[in-house]
Structures are given as C-alpha cells and as structure tokens.
Amino acid sequence: MALDALHTATMSQRVNWVLDADIRSFFDSVDHEWLLQMVAHRIADPRIPAYQAVAAGGKSSERRDI
C-alpha cells in the first residue's frame, strides 16, 4: 500500500526527495515528561494540563468531554 502511494506520487508529480524512516521504537526512547512539556508549550489549549495529568497516570482535576 505504501509502495503503491509512493509510485503514484513519483509518477504523477516532480519529486525532489523521498524519506524512509523506521520510527517503530522511537517513542520508547523519548523522555515522556519532556515530550508533554513541549506539547504544552507548542499547543495553546487550556486543556493540556488535564491531558498531562492523565498521561502521567494521575487524574485530571477537571473533567471535560472532548
């Protein structure tokens, strides 16, 4: 499926580069606390602290349906 999409893209338009990356175990080595801090920094959503609390294994102080 991915190779079919690559073939279609390279045959139908000009392609300067193709990136092939295996990120299967990338997130196993990422510092999750740092990742959550970067998400909170980059996304202007006041609900992020609630997401962080749940992701850290705690409970959110406020419950919202998303």
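Numerical summary
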read-out	value
Peptides ranked, highest mean first, by Cβ atoms within 10 Å: ranges 1-11, 18-28	1-11, 18-28
Using θ = phi - 60° and Karplus 6.51 cos²θ - 1.76 cosθ + 1.60, couplings along the range 14-27 (whole Hz; Gly, Pro as x)	6, 10, 8, 7, 10, 10, 10, 9, 9, 10, 3, 9, 4, 6
Residue-span extension gain [Leu3 to Ile23] - 0.36 nm each, minus C-alpha spacing	5.5 nm
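Read the figures in this text as sums done on the coordinates, not as results from a lab. Please read these numbers as outputs of a predicted model, since none were measured by experiment. FYI the Cβ positions are ideal-geometry reconstructions off the backbone, even for glycines, and counts take in every protein chain you see.
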